[in-house]
Amino acid sequence: MHPAISIKNISKNYGALQALDQVSLSIEQGEFFGLLGPNGAGKTTLISILAGLATADHGHAAIMGADVQSHFREARRMLGVVPQELVFDPFFTVRETLQFQSGYFGIRNNDAWIDEIMANLDLVNKADSNMRALSGGMKRRVLVAQALVHRPPVIILDEPTAGVDVELRQSLWQFISRLNQDGHTIVLTTHYLEEAEALCQRIAMLKQGTIVALDTTQNLLSQYGSIKKDGEGKTDLENVFVNIMSGSVL
Ligand SMILES: Nc1ncnc2c1ncn2[C@@H]1O[C@H](COP(=O)(O)OP(=O)(O)O)[C@@H](O)[C@H]1O
Ligand SMILES: [Mg+2]
C-alpha cells in the first residue's frame, strides 16, 4: 500500500532564504496527522509543493504513490487542500463556486455530492448567496467544501480554524473526524495546540524548514511534556511545543 503522502529530501529556497531543508516524511493512509511549527517554519511551503503550487528545488513528493511533478494530475486528484488564505471570486454564489471547482477536476453532474457537502457544513441556506456576502467563518466552510468536491482520499487543512469562532471550530472538527473515520487521511496545520492534541495521532514539528520532532502524540507528551512547566493554563502539547522549539530537549 502506498503511503498517503511521501516526502523525500525536499528542499526549497526563496532567494537566500531556505524555507525547507531536506525534509523527509511519510504519512500512512488513514492517519490523522498534525504538522505544527511557528510562523515561517515552512508548513505552507510544504503544502504548496504537495499541491503542485510550488516546485521543490530538490527531492520528491508523492500523493498515494503519484509523484506531484511527473504525475501532477493524478496526484492533484488524490488531494484536497483547504488553503490558509481566503481567496474567492466574490461574484460567484457558494453553489457556483463548488460547481466551478468540480469543473476544474472535470467532474460533471456533481450536484448530489455538492448538496451533501453543503448539508454537512451547514451551508445549505447560503447556497445562493454571493461569496462576498459571507462572514469569514462561512467563507472558511466554503473553502473546506471546495477541497472535498472531487472526493479526495487525502485532505490537508492549512490553519482552517484561524480566526474562526468556537462553534464552527467544533462542528468543523466533528465533520473532519468523521471523514477520517470513513478512511480519509487528514493532515492538519494549526496554532491551536489543544486541537492538535485532541485530534492528531501523530505529529511532526517543523522549525526553520527542518523537522525537529516526529512521533505519536502520546510519545511526544510522555517524553517532552513535563520537562519545563511554562506557566499556568498551558496544555501538555503546548509544553511539548515550547520545550522542543526552545531546543531545551534536543
Ligand atoms: N513566495 C514566497 N516568496 C518568498 N518567501 C516566501 C514565499 N513563501 C514563503 N516564504 C518564506 O518562507 C518561509 C516559510 O514560510 P511558510 O511556508 O509560509 O511558513 P508557515 O506556513 O510555517 O508559516 C518564511 O520565511 C516565508 O517568509
Ligand atoms: Mg502557513
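Computed from the coordinates by the stated procedures, all read-outs in this text should not be read as laboratory data. Model, not experiment: these values are computed from the prediction. FYI the Cβ positions are ideal-geometry reconstructions off the backbone, even for glycines, and counts take in every protein chain you see.
For a test of the definition: using alpha carbon positions, the gyration tensor, and the 1.5 limit on a/c, classify the stretch 63-164 as rounded, prolate or oblate. Prolate, since a/c reaches 1.5 and a/b exceeds b/c. Charge tally around Ala213: other residues with Cβ under 12 Å, Lys/Arg +1 each, Asp/Glu -1 each, net +1. Express in % the proportion of alpha carbon pairs of the stretch 5-246 at distances exceeding 22 Å. More than 22 Å apart: 54 percent of the Cα pairs in the stretch 5-246. Peptides 153-161, 133-141, 53-61, 105-113 ranked from most to least packed, by the mean per-residue count of other Cβ atoms within 10 Å: 153-161, 133-141, 53-61, 105-113. On the basis of the beta-carbon distance and an R0 of 30 Å, His191 and Glu96 show a calculated FRET efficiency of 0.40.
Our estimate of slack between Asp89 and Asp215, defined as 0.36 nm per intervening residue step minus the Cα-Cα distance, is 41.4 nm. Pairs of Lys residues in the chain are counted when their Cα atoms are under 20 angstrom apart and they lie 8 or more places apart or on different chains; the count is 7. Quick check on the stretch 1-96: take the gyration tensor over C-alpha atoms, sort the square-rooted eigenvalues as a ≥ b ≥ c, and tell me if it's rounded (a/c under 1.5), prolate or oblate. Judged from the Cα gyration tensor, the stretch 1-96 comes out oblate (a/c at least 1.5, b/c at or above a/b).
Stretch Ser70-Val166 to full length: gain in nm at 0.36 nm per residue minus the Cα-Cα span? Using 0.36 nm per residue and subtracting the Cα-Cα distance, I get 30.5 nm.
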